[in-house]
Amino acid sequence: MTTRGFGIRGGRGARKAGGADAGPQRALIVASFINRVGNGLFNTASILYFTLVVHLPATQVGLGLTIAGLLGLAAGIPAGNLADRYGPRTIWLAAFAIQAVAMTAFVFIDSWLVFTLVATVDRLAASAGGAAGGAVIAQASGERPAAFRAKLRTYVNLGVVLGTLGAAIAIQLDTRPAYTALILANAASFAFAGLVAFLGVPNYRPLPKPKGHRQWSVLADRPYVSFVALYSAMGLQYQTVSLLLPIWLTSHTDAPRWTVAAVYAVNNGVCLLLQSKLGSKVETPRQGGRAFRLAGILFLVSCPLMALSADVPSWVALVLALLAVVIHSIGEVYESSGGWTLAFSLAPDHAQGQYQGFFGTGFNAGQALAPAFLTGVILALGHPGWILLAVLFAGVGAAGPPVAAWAERTRPGQADAEGSGNGRQGESSLTEADR
């Protein structure tokens, strides 16, 4: 990933002395943190709001969210192209504003059709915001982008955790005003995040486009498309912990019910503790490929341990589940770090929006298909299913280094940057305080 500051290639010493990146980076972290606190509030209790407050059947809510999620995928690349053409901050702020309005509209819905329309608008804006936000990160990341991205992910994860804890209060109260307050709080989080971004993140100028650039150039970039396919498949690991393992623990093991909550806590705790420490070391495409491979190996170990939690005494099931989640969470840190490094460093400077839009579209498509695969295939097969999943993760991870090497060969100058240890980074840097 290359950073250009305000669109001007400046001297390295000037950046260090002036700390030109520190302010935008802090603003980006604060905006993202506020946004994810709101996400944690909403995602945790949204199904309860729509079923208990709006009185929509759960099947209709699921169908509406599925339709909205699939339609929302269409905005990724077009919004990324707009970000590359007019500047990423403009599109990012527009997405925040649209999501704030959409969230507020949820308070007034009274039918499935209106719910689906509002949810679709929200998902379209989310895809657009992801593409533009990725381009903003690319511009603001500085000379040590891996360290900044690891720090950013740490605060993002912390925001989700805090939002989830806040939602637990509303769930305990279980009243219409409590659930409505969550929806409005999420709407406010988009507005406040947008305000912070407006005040603290520069309006980065678009970079000149070389000859041959097309609005769908990313689709012709076979190494990048292959990487996105790998990352989307590896993304099954997120719902392995959040969806598959809880079902397995409650229906196939004698582990205490609270083990499910313990699994979530351990997963979030390990990621929060290790994201900056491990993720900051994954700086180059080659290191990203290796991190991807290591993640696959760790998942190869964790999935069978999860399977073994069945048919053993309750305390053994508890120990195995927690051990498996610790190993899996370390793998998640490497998977996300490697994925982000490859997603940004392999994208051309002038087309970060388009490439991040495609990256987000591929990942979200994989997440949309994950529940059906994990419950309909892996869970249905039982123990062999877990082994199949482990082998799948290991195979996808093993493909990381060769795909990264292939991508490097198609990008002039990448190998030289690899040797210097700086990837494709620009001249800006983090201050010592931000490191």
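The values are calculated or read from the model by the stated rules, or taken from the named source; none is laboratory data. If you're wondering where the values come from, they're calculated on a predicted model, not measured in any experiment. In this analysis, Cβ positions are derived from the backbone assuming ideal geometry, glycine residues included, and neighbour counts consider all displayed protein chains. Ligands, DNA and RNA are stripped out before the accessible areas are found, and what is left, the full protein with its side chains, is counted by its heavy atoms. Shrake-Rupley method; radii C 1.70, N 1.55, O 1.52, S 1.80 Å.
Which order do SER226, SER345 take by accessible area at a 1.4 Å probe, largest first? Could the numbers behind the result be given before it?
Numbers: SER226 40, SER345 0 Å².
So, going from the largest accessible area down, we get SER226, SER345.
Run the accessible area of the range 180-311 with a 1.4 Å probe and give the carbon-and-sulfur part as a rounded percent.
65
Per residue of the range 230-235, in order, report the coupling 6.51 cos²θ - 1.76 cosθ + 1.60 (Karplus, θ = phi - 60°) as ³J(HN,Hα) in whole Hz, putting x for Gly and Pro.
5, 5, 5, 5, 5, x
Specify whether the C-alpha gyration tensor of the range 169-240 places it in the rounded, prolate or oblate class, a ≥ b ≥ c being the square roots of the eigenvalues: rounded for a/c under 1.5, otherwise prolate if a/b is larger than b/c and oblate if not.
Numbers: a/c = 4.22, a/b = 1.59, b/c = 2.66.
Because a/c hits 1.5 or more and a/b fails to exceed b/c, the range 169-240 counts as oblate.
So what J values fall out for the range 293-310 if you push phi through Karplus, 6.51 cos²θ - 1.76 cosθ + 1.60 with θ = phi - 60°, rounded to Hz, Gly and Pro as x?
Result, rounded to whole Hz: 5, 5, 4, x, 5, 5, 5, 4, 7, 5, 5, x, 4, 4, 5, 5, 5, 7.
Using helices alone, what [θ] at 222 nm do you get for the chain, with -39,500 (n - 2.57) per DSSP H run of 4 or more residues, divided over all residues and rounded to the nearest 500?
After summing the helix terms and dividing by residue count, I get -24500 deg cm²/dmol.
Roll a 1.4 Å probe over the protein heavy atoms and report the accessible area of TRP258 in Å², nearest 10.
Surface open to solvent at TRP258 totals about 140 Å².
At a 1.4 Å probe radius, carbon and sulfur cover how many percent of the accessible area of the range 43-108?
Roughly 73 percent of what the probe reaches on the range 43-108 is carbon or sulfur.
Would you list TRP340, TRP386 from the most to the least accessible area, probe 1.4 Å?
Values: TRP340 55, TRP386 0 Å².
Output order, biggest surface exposure first: TRP340, TRP386.
Would you mind getting the accessible area per residue of the chain, heavy atoms of the protein chains only, 1.4 Å probe, in Å²?
Per residue, the chain has 41 Å² of solvent-accessible surface.
If you find the alpha carbon centre of the range 369-395 and of the range 24-66, how far apart are they in angstrom?
If we compute the Cα centre of each part, the gap is 27 Å.
With the crude spin-label approximation of a point 7 Å out along Cα→Cβ, what separation in nm comes out for THR59 versus ASP110?
Each label point is offset 7 Å from its Cα along the Cβ direction, giving 2.5 nm.
Would you please give the residues with an amide H less than 5 Å from that of ASP221, counting only those at least 5 places away or on a separate chain, with H modeled from the backbone geometry?
Those lying under 5 Å, H to H, from ASP221: there are none.
Can you pull the one-decimal nm distance between simple spin-label points at ALA229 and LYS209, each 7 Å off the Cα toward Cβ?
2.7
Under 23 Å between alpha carbons: how many lysine pairs meet that in the chain, if sequence neighbours fewer than 8 apart on the same chain are excluded?
5
In whole angstrom, note down how far apart the Cα centers of the range 77-133 and the range 242-319 are.
Distance between centres, Cα-based: 32 Å.
Could you check which residue among GLY163, GLY360, GLY269 shows the biggest mean-square fluctuation in a GNM of the chain with a 10 Å Cα cutoff?
With Cα springs under 10 Å in the chain, the top fluctuation among GLY163, GLY360, GLY269 is at GLY269.
Give a residue-ordered list of calculated ³J(HN,Hα) values for the range 246-261 (Karplus: 6.51 cos²θ - 1.76 cosθ + 1.60, θ = phi - 60°; whole Hz; x for Gly, Pro).
So the J values, rounded to whole Hz, are x, 5, 4, 5, 7, 10, 10, 10, 9, 5, x, 4, 5, 4, 4, 5.
Take the Cβ-Cβ distance between THR66 and LEU199 as r, set R0 to 41 Å, and report the resulting FRET efficiency rounded to the nearest 0.05.
With R0 = 41 Å, the Cβ-Cβ based efficiency is 0.65.
First check a/c for the range 47-192, with a ≥ b ≥ c the square roots of the eigenvalues of its C-alpha gyration tensor; if it is under 1.5, answer rounded, and if not, answer prolate when a/b is larger than b/c or oblate otherwise.
Verdict is oblate for the range 47-192.
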